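First up is the structure itself, then whatever we jot down about it.
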Amino acid sequence: DVGDEPLMMARDVPVTVARDRLDGVALAKSQGATVILMDDGFQNPGLFKDASLIVIDSERGLGNGQVFPAGPLRAPLQAQLARTDALVLIGDGRAANDVAAELAKRDKPELRARLKPAAASLVQLTGKRVFAFAGIGDPERFFRTLHASGIAVARTRAFADHHSFSEGEIATLAADAQREQLTLVTTEKDLARLRGRADVPEGIVPFAVQLEFDEPAKLRQLISDHLYRARERRFSRR
């Protein structure tokens, strides 16, 4: 009913899903929320944001720099940079250096971060040969993360983002893995779409990752400053 991302996030924090963002905020506040983290809400004009972050994969960058459907952007870049409070760069690549330089001219901070595998996932996969599959925006990054984490990836299969797995696809994945004595591994986001289905075999390992910031204190200070200024604005309007 709600998609994979809300289901995945709801395992860690309370989640509100609403077609109208204003309705969603009203519901969250009625449930006692004092801080609301919007997922994928940067371009939404209906709500004032106290802090807006943009996140870019430093290896992939912005692709061709065009607006959807011609490219990956959801709005013209300059208009988005004007509303950005901080840039989060994932990894050590250089593909987004021009964006970082543009924001630096505007005195906006850059935060470097990287995906770190959860220890429990590594324990489950140590010494095993795996068949990795994923239906996310960039499956190849998932496969690279597995390789970089020392996982023995024997086979991979990529699907489209938010892919709805058919019974036949699941059966084929399970049969291929069993025939080659491989352990099936996928992302937490993909597994959120598979949980509860009777046709899903046992033993699929979710490869959990966490975003680890190089300077976590810098991130905490950024959020703290913006929330403080938000309280000041609200107090001054009373």
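The values are calculated or read from the model by the stated rules, or taken from the named source; none is laboratory data. On a predicted model such as this, the values are computed, not experimentally measured, just so you know. Every residue, glycine as well, gets a Cβ built from its backbone with ideal geometry; the counts of neighbours run over all protein chains shown. Surface accessibility is based on the protein's heavy atoms, side chains included, excluding ligands, DNA and RNA. Shrake-Rupley method; radii C 1.70, N 1.55, O 1.52, S 1.80 Å.
The single residue among Leu62, Leu103, Leu47 that is open to solvent by less than 50 Å² (accessible area, probe 1.4 Å) and in contact with a Lys or Arg (Cβ under 8 Å, 6 or more places away or on another chain) turns out to be Leu47. Beta carbons closer than 7 Å, at least 6 apart along the sequence or on distinct chains, pair a first residue in the stretch 78-95 that is closer than 21 Å to Lys116 by Cβ and among the small types (Gly, Ala, Ser) with a second that is open to solvent by less than 20 Å² (accessible area, probe 1.4 Å) and in a loop (DSSP other than H, G, I, E, B) for Gly91/Ser58; Gly93/Ser58; Ala95/Ser58; Ala95/Gly61.
If you go through the stretch 67-94 and keep only what is open to solvent by 50 Å² or more (accessible area, probe 1.4 Å), in a loop (DSSP other than H, G, I, E, B) and hydrophobic (A, V, I, L, M, F, W, C), you end up with Phe68, Ala70, Ala82.
Considering the stretch 197-234, the residues that are of a type in the set (A, V, I, L, M, F, W, C) and in a helix (DSSP H, G or I) include one that is least open to solvent (accessible area, probe 1.4 Å), namely Ala230.
Close Cβ contacts (under 6 Å, 6 or more residues apart or on different chains) running from residues in the stretch 187-204 that are farther than 13 Å from Phe165 by Cα and among the polar types (S, T, N, Q) to residues that are modelled with pLDDT of 85 or more and surrounded by 12 or more Cβ atoms within 10 Å (Cβ to Cβ) comprise Thr187/Ala134; Thr187/Ile136; Thr187/Phe142. Checked against the criterion of being among the small types (Gly, Ala, Ser), over 22 Å from the mean Cα position of the chain (by Cα) and over 17 Å from Glu5 (Cα atoms), the candidates Ala158, Ala148, Ala152 yield just one match: Ala152.
So how many residues does the stretch 125-157 have that are of a type outside the set (Val, Ile, Thr), open to solvent by less than 70 Å² (accessible area, probe 1.4 Å) and in a helix (DSSP H, G or I)?
Of the residues in that region, 5 qualify.
Inside the stretch 107-124, residues that are open to solvent by 80 Å² or more (accessible area, probe 1.4 Å) and either acidic (Asp, Glu) or touching a helix residue (DSSP H, G or I) at 6+ places or on another chain (Cβ under 7 Å) (or both) make up a count of 1. Among all positions in the stretch 9-27, there is at least one residue which is over 21 Å from the mean Cα position of the chain (by Cα), without any contact (Cβ under 8 Å) to a residue 60 or more places away in the chain and either on the phi > 0 side of the Ramachandran plot or part of a loop (DSSP other than H, G, I, E, B) (or both).
Filtering the stretch 17-34 to residues that are open to solvent by 60 Å² or more (accessible area, probe 1.4 Å) and either of a type in the set (Asp, Glu) or in contact with a helix residue (DSSP H, G or I) (Cβ under 7 Å, 6 or more places away or on another chain) (or both) leaves Val17, Asp20, Asp23.
Of all residues in the stretch 158-180, those satisfying the criterion of being open to solvent by 40 Å² or more (accessible area, probe 1.4 Å), closer than 21 Å to Lys128 by Cβ and part of a helix (DSSP H, G or I) are Thr172, Ala175, Gln178, Arg179.
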